[in-house]
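Asker: What follows is a structure written as structure tokens; I'll ask about it next.
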Amino acid sequence: MNHLVNITKKELRELLTPGAILSVVVIMVLFMCIGTAIGGEAEKSASAAKVGVVYNAGDGADVAETYGDLDDPSEIKLLVLDSYASLYGMDRDAASASIQYLEVGYSDEDGIISAIERYGLSYVITIPDSIVTNIGKIKTMVPDAEFTPIGTYFVYENEGLFGSASSSVGTSLVSEMNGRLSNILISGEITTDTVYFIQPLIWGSENNHTYVNGTIYSDVTPYALSSSMTSQSMMIPLVVMIVILMVGSVVISSMGSEKENKTLETLLTMPIKRTTIISGKLLAAAIVGLVYGVAYMIGMMFYTTGLTVGSTSVNLSEYGLALDAVDWILLMLILFLAIFSALGICMILGAFTKNYKMAQQMTMPISFLAIIPMFVFMFMSWDSMPLIGQALLFLIPFSHPMMAMTNLMFGDMTLIFGGIAYLLIFDAVMILITVKIYNSDILITGLDQTKFMKTLNKMFKIKKEDHENN
């Protein structure tokens, strides 16, 4: 029994290293932070949205207190107010504060989009002046009764997982209006076609309008666009993470093996400039990493395409959300620079490994730097993050290829070129540090033999002796 306990203790000491415990803690904190952020976004999307209403017949008309014959604009305003209050579980006063009536034309698309941006509206519904007349025709059962088309206008932006919430809420509001109006109409005697009584309003399809990158598109909602964007927004972070972890692990493990097999010392003693050795290692690994990245990206594109066959996903290229040749070149450039950044970090970490086993532990920092932005960008967008979050993610070099595709689609070239400039500077710094390390004797003598570490060890030795003497 004692042997079993001793062996178990030995294995636990080897498995529960400080690095292993730290990795578990970091992952736990990471998921807690992401969960908190996603919960905040979910709460924000579920809160009462500020909605704009275009109803010109209601200009100057107060909101009615009760429903009568629905032959007055004030009663239509009451219908909108009660529907909104019911949708969010609010009273009329609170709901009234969230409804903004717009002084624009029913079909004035530019005016509607301008009002959305000026007042910070989540969406706009448009009600034609003819709604009172149409309701009257339905009630009097005239032969030429017709549906009343309700328009919905949305703005689709890069807002992450909950960016399409406005379209779901907007259509729900119109549906609530339709249900309430139907109940009022059905309460009377019905002797004609019941379809108008059950659904007096018509919405959706060509009545949906979404503003994307400066253009208004009909017959589409942010929800439909977001559903089609999800596969691509999740594909790139996953591919980047896989490539960086794979290439980084190979580079660090290679250096650990070279040290363990003494081949690195032989290479460094050859009549070759050490900057040439560094450049060759980095360039070869970066090219291999880029090839891996392109291969995985192509495979993932076919995979996601196969999943969407027969689904209701939209063709993003029809809405200006597709990459052209220049965009793909910029994406590959950012991916290459990010891989180069990973290799620079790995070359520095690999310089301090003593063997292959220690090299495996050195991959932990690079893993964290790749996993953190991957999880963040799977559920959130750059625009939906607070300023401190944007600053921290911008400093992580692997964040830039993960958000590059979305930024290119939405034309956010400031982040694209800013990211390229940052990656170039980061890569240059990594190369300078690597060259300095390779030009020193650390690779051969080890970190313990440096002047700094000797001084540090001497200080600890003195303190230990003083403690023992006391």
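The values are calculated or read from the model by the stated rules, or taken from the named source; none is laboratory data. Values in this document were obtained by computation on a predicted structure and should not be read as measured data. All Cβ positions, even for glycine, are placed from backbone atoms using ideal geometry, and neighbour counts span all protein chains on display. In case anyone asks, the SASA skips ligands and DNA or RNA and just uses the protein heavy atoms, side chains included. Shrake-Rupley method; radii C 1.70, N 1.55, O 1.52, S 1.80 Å.
Asker: With the checklist (1) under 30 Å from residue 168 (Cα atoms); (2) at pLDDT 70 or above in hand, flag the one item residue 37 doesn't pass.
Answerer: (2)
Asker: Among all residue pairs at least 6 apart or on different chains, which show Cβ distances below 9 Å where the first residue, located in the stretch 8-25, is open to solvent by less than 90 Å² (accessible area, probe 1.4 Å) and part of a helix (DSSP H, G or I) and the second is polar (S, T, N, Q) and at pLDDT below 70?
Answerer: Pairs found: 19/361; 20/361.
Asker: Considering only residues that are open to solvent by less than 50 Å² (accessible area, probe 1.4 Å) and either modelled with pLDDT under 85 or among the hydroxyl-bearing types (Ser, Thr, Tyr) (or both), which ones fall in the stretch 117-131?
Answerer: Within the stretch 117-131, 122, 123, 126, 130 meet the criteria.
Asker: Could you grab the pairs with beta carbons closer than 6 Å, sequence gap of 6+ or different chains, first residue in the stretch 225-250 and small (Gly, Ala, Ser), second one at pLDDT 75 or above and assigned to a helix (DSSP H, G or I)?
Answerer: Listed by first residue and then by second, the contacts come to 228/316; 233/406; 248/342; 248/346; 248/366.
Asker: Take residue 104 and decide whether it is assigned to a loop (DSSP other than H, G, I, E, B) and either at negative phi or open to solvent by 20 Å² or more (accessible area, probe 1.4 Å) (or both).
Answerer: When the stated conditions are applied, residue 104 passes them.
Asker: Which one of these is assigned to a helix (DSSP H, G or I), at pLDDT below 70 and out of contact with any strand residue (DSSP E or B) (no Cβ under 7 Å at 6 or more places or on another chain): 227, 257, 182, 249?
Answerer: None of the other options fit; the residue is 257.
Asker: Anything in the stretch 431-456 that is in contact with a Phe, Trp or Tyr (Cβ under 8 Å, 6 or more places away or on another chain) and either modelled with pLDDT of 60 or more or within 26 Å of residue 328 (Cβ to Cβ) (or both)? List them, or say none.
Answerer: Scanning the stretch 431-456 gives a single hit, 442.
Asker: Continuing with the same structure: May I ask you to verify whether residue 388 is at pLDDT 75 or above and open to solvent by 60 Å² or more (accessible area, probe 1.4 Å)?
Answerer: yes
Asker: If you don't mind, another one. How many residues are open to solvent by less than 50 Å² (accessible area, probe 1.4 Å) and aromatic (Phe, Trp, Tyr) if we restrict to the stretch 200-216?
Answerer: 0
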